[in-house]
Amino acid sequence: MPLVLMTDDRRCDWVRAARALPRGSVVVVRGRDATQRRTLAEELQGLASLLIADDPALAAEIGAAGLHLPEVRMREAAHWRARFPNWIITSSAHSLRALMAAAMLDAVFLSPVFAGHKQTRALTPVRAAFIAAHAPVPVYALGGVNPRNAALLAPSFSGIAAIGSLI
């Protein structure tokens with residue numbers, strides 16, 4: 001099952017984490033601070049396919065593999081697909097309703113599947129599998145996924161996306 005490493009604002013060795021990923025993995029470079037996001041993207045170039053979160057200008061400038069949009073901007077995918085037809089474009093989703101708007105995307109990260117992800121209520125593996133089975137695009141499980149509970153994920157998921165369990 002393909003792996004996606006999602007970075008965040010914590011200070012850790014993201015380069016080491018990216019190097020440990022299996023071939024064909026993807027890194028979604030996220031971060032609230034634009035300068036830190038740029039620096040991290042530059043450090044990770046060449047280690048994995050990079051998707052830049054919520055920053056299409058940076059994605060274009062560094063020649064990233066694509067763009068990751070937050071759920072609230074998911075409908076912008078058609079615009080970015082028209083401008084950059086070769087980009088991989090993904091988005092986050094937190095419900096079946098949100099996932100139904102995903103037709104122009106290459107994949108969606110559905111979260112949180114398991115408890116322990118921020119303060120939000122977990123979808124649960126059963127409900128998340130139902131949502132993933134009805135999605136118009138491939139769905140990656142995100143939120144509380146770790147090596148122990150990954151086995152509980154249904155085959156309706158195309159892969160796993162994680163933050164903490166991959167660093």
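The values are calculated or read from the model by the stated rules, or taken from the named source; none is laboratory data. Keep in mind it's a predicted model, so treat the numbers as computed, not measured. Here Cβ is always computed from backbone atoms with ideal geometry, including for glycine, and neighbour counts include all displayed protein chains. The accessibility values were calculated without ligands, DNA or RNA, using every heavy atom of the protein model including side chains. Shrake-Rupley method; radii C 1.70, N 1.55, O 1.52, S 1.80 Å.
Please list the non-local residues whose amide H lies under 5 Å from the amide H of L153, H modeled 1.01 Å from N, same-chain partners needing a gap of 5 or more.
none
Label A151 and F130 with points 7 Å out from Cα along Cα→Cβ: what is the distance between them in nm?
2.6
Counting only protein heavy atoms and a 1.4 Å probe, tell me what percentage of the stretch 47-167's accessible area is made up of carbon and sulfur. Numbers along the way, then the final one.
Working: 3300 of 5790 Å².
Carbon and sulfur: 57 percent of the exposed surface of the stretch 47-167.
For the chain, what does the helix formula give at 222 nm: sum of -39500 (n - 2.57) over DSSP H segments with n ≥ 4, over the residue count, nearest 500 deg cm²/dmol? Intermediate results must be reported in sequence, preceding the final value.
Numbers: 6 runs with 44 residues, N = 167.
Theoretical 222 nm ellipticity from helices: -7000 deg cm²/dmol.
What distance in nm separates the simple spin-label points at A34 and A57, each placed 7 Å from Cα in the Cβ direction?
0.4
Just V72, V27, V145 to compare: in a GNM of the chain, with alpha carbon springs under 10 Å, which one fluctuates most?
The residue that fluctuates most here is V72.
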